[in-house]
Amino acid sequence: MSFKKTLTAICFFLMVSSISAEVPNTINYQGKLSDASGSAVADDSYLITFKIYDAPLGGVELWNSNFQLVNTVNGLFTYELGSITPFPSDIFYDSLRYLGITIGTEPEITPRTKLNSAPYSLATDDAKYVNAANDTMTGNLWMKNNSDIMTVNVSPNDGGIWTYGLTDGQVRAALSSNPWGSLRMYDNNGNNTIQLEANNSDGGVLILFDPNGNQDIYLTAAGISNSTVILPDNAIDNREILDEPGLASNSYVGFITLTNTMQDIVTVSITTPGPGYIYVTGRCWTSSSGKIGYNAVATQIDETAGGNYDPNHYTFSGPQYAVSTSASELHSVYTDRPYYKSAGGTYTFRLEALRNSSTGTANAGDARITAIFFPTSYGSVTTTSTQPPTNIDAELVTTTNLDGFTVNGYKYDLRNLELKVKEAQLKAKQAELELLKAQQRQSRSQE
């Protein structure tokens, strides 16, 4: 006789309510047998073999009930899978499973029955978990990934959950709630390398450890102090501060007597992480006396000690014509100079001055020099315009205009324009400060 199987009830678990009961390792299955015409088979006992596979066709046979005597009523039968031949402990850990049924010596009935999610609860037997009020879970929860098994352990000591490696059993992560929430992560040697805490006194805390388990980086949200962020030596280099500006300043209190050779009044050094502009400003007081007539002081920013007098960058102060050798004039001097440096390094600048007269006396002092670094990521950048730029060097070239015609153009470095903008901004700020000082002096004189 040819048989036809009709599934009338999806396989399911027998549920238990007792906290002490074990999770059942059987599946209650109900089906209906009919003949080739679709009519229910005669009430009788039939030898049936149940098999579980890992595929709907072919595949690997994972379990075999062997021949079981099953009774039918109006074609209906019920059989408890696993009741005679137990299931392997890991049969439902992962992947889909399919049930095959064979009546006597007939070919296996097709298609196989896909087992739904209920059988996979068998994999939680080790956890001994039941869903009722005040229930608890004891033991370990096993989660399988292909051929490896990960263990999740509920710790009774810190109210936490611990996970372990798939193959070596080493702890990998620990989530605990005593005395506060914390997450710890471990490397494959069992070393704690990352720790995140919700501390009631320090707020959020992040700790990173080196491969030897030593605390390397510490970050806390508690307050502002030297221990808020702790980094190892040389943790921050020029890659991290490439786009940061920098500032260095130095001052000199007192006066020096000037000669006809450039002399340093005060110097400053600044270390830059990469290419960029260094804008240097200097201010001091100068005095001139001991001569009738011209007796001026030339002050400038320079990189070279005893450098040459530079007419493009000096600032003159002092009398154009003194009427007495005993007369003395005191002047406030401001000077500045922009530089471009194509590479990072340490650069030293000086505020220097000379007496621009062969006789008489000149002094300079009470000085300050400041170097400001403006980083740039583009280095030497040029552009071409059909209009010549003003007050900067430009190279005459040929270019193509918007209409596609070849015309003469001017190629120039955009850094020069940027420097002029910065210079203009700083000079405007200086003028604003000088105005404020003048207003304050006027206000005091009227009191």
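The values are calculated or read from the model by the stated rules, or taken from the named source; none is laboratory data. All of these numbers come straight from a predicted model, not from anything done at the bench. We place every Cβ from the backbone using ideal geometry, glycine too, and count neighbours over all the protein chains shown.
Of the numbered conditions (1) closer than 25 Å to Ser326 by Cα; (2) modelled with pLDDT of 90 or more, Thr281 fails exactly one; give the number of that condition.
Against the list (1) closer than 25 Å to Ser326 by Cα; (2) modelled with pLDDT of 90 or more, Thr281 comes up short only on (1).
So which pairs qualify, if the first residue must be in the range 92-116 and assigned by TED's automatic domain parsing to the domain that holds Gln68 and over 14 Å from Tyr29 (Cα atoms), the second must be at pLDDT below 85 and part of a loop (DSSP other than H, G, I, E, B), the Cβ gap must be under 6 Å, and the two must be at least 6 apart or on different chains?
Partner pairs satisfying both residue conditions: Arg97/Leu115.
Residues in the range 217-238: is at least one modelled with pLDDT under 80, of a type in the set (Asp, Glu) and under 29 Å from Glu423 (Cα atoms)?
Residues of the range 217-238 modelled with pLDDT under 80: 221-238.
Still in the running and of a type in the set (Asp, Glu): 233, 237.
Filter once more, so that each one left must be under 29 Å from Glu423 (Cα atoms): none.
Checking the range 217-238: not a single residue is modelled with pLDDT under 80, of a type in the set (Asp, Glu) and under 29 Å from Glu423 (Cα atoms).
Being at pLDDT 70 or above and surrounded by 11 or more Cβ atoms within 10 Å (Cβ to Cβ) is the requirement here; does Thr399 meet it?
Values: at pLDDT 70 or above: yes; surrounded by 11 or more Cβ atoms within 10 Å (Cβ to Cβ): yes.
Criteria met by Thr399.
Would you check if Ser251 is in a strand (DSSP E or B), modelled with pLDDT of 90 or more and over 20 Å from the mean Cα position of the chain (by Cα)?
On the way: in a strand (DSSP E or B): yes; modelled with pLDDT of 90 or more: yes; over 20 Å from the mean Cα position of the chain (by Cα): yes.
Yes.
Rundown of residues vs (1) modelled with pLDDT of 70 or more; (2) more than 27 Å from Leu247 (Cβ to Cβ); (3) touching an Asp or Glu at 6+ places or on another chain (Cβ under 7 Å), yes/no style:
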| residue | (1), (2), (3) |
| --- | --- |
| Ile372 | yes, no, no |
| Thr384 | no, yes, no |
| Gln387 | yes, yes, no |
| Asn391 | no, yes, no |
| Gly404 | yes, yes, no |
| Val407 | yes, yes, no |
| Glu432 | yes, no, no |
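Check the range 206-216 and report whether any residue there is more than 18 Å from Leu231 (Cβ to Cβ), assigned to a loop (DSSP other than H, G, I, E, B) and touching a residue at least 24 places away in the same chain (Cβ under 8 Å).
Within the range 206-216, none of the residues are more than 18 Å from Leu231 (Cβ to Cβ), assigned to a loop (DSSP other than H, G, I, E, B) and touching a residue at least 24 places away in the same chain (Cβ under 8 Å).
Can you tell me which residue in the range 284-310 is modelled with the highest pLDDT, limited to those that are under 13 Å from Thr335 (Cα atoms) and surrounded by fewer than 18 Cβ atoms within 10 Å (Cβ to Cβ)? If you could, list the steps in order and put the result at the bottom.
Let us first name the residues in the range 284-310 that are under 13 Å from Thr335 (Cα atoms), namely 284-286, 297-302, 310.
The next check asks that each one be surrounded by fewer than 18 Cβ atoms within 10 Å (Cβ to Cβ); those that pass are 285, 310.
Details: Trp285: 94, Asp310: 82.
Restricting to residues being under 13 Å from Thr335 (Cα atoms) and surrounded by fewer than 18 Cβ atoms within 10 Å (Cβ to Cβ), the top hit is Trp285.
Quick check: anything in the range 314-321 within 50 Å of the chain's Cα centre (by Cα), exposed (fewer than 14 other Cβ atoms within 10 Å of the Cβ) and at pLDDT 80 or above? Show your work before the answer.
In the first step, residues of the range 314-321 are kept if they are within 50 Å of the chain's Cα centre (by Cα); the result is 314-315.
If we keep only those that are exposed (fewer than 14 other Cβ atoms within 10 Å of the Cβ) too, we end up with none.
Looking for residues that are within 50 Å of the chain's Cα centre (by Cα), exposed (fewer than 14 other Cβ atoms within 10 Å of the Cβ) and at pLDDT 80 or above, one finds none in the range 314-321, hence no.
For the range 342-369, which residues satisfy the criterion of being buried (at least 16 other Cβ atoms within 10 Å of the Cβ) and either touching a Pro at 6+ places or on another chain (Cβ under 9 Å) or without any contact (Cβ under 8 Å) to a residue 24 or more places away in the chain (or both)? Give the derivation first.
Taking the range 342-369 and keeping what is buried (at least 16 other Cβ atoms within 10 Å of the Cβ), we get 344, 347, 349-357, 360-369.
Gly344, the sole residue that qualifies.
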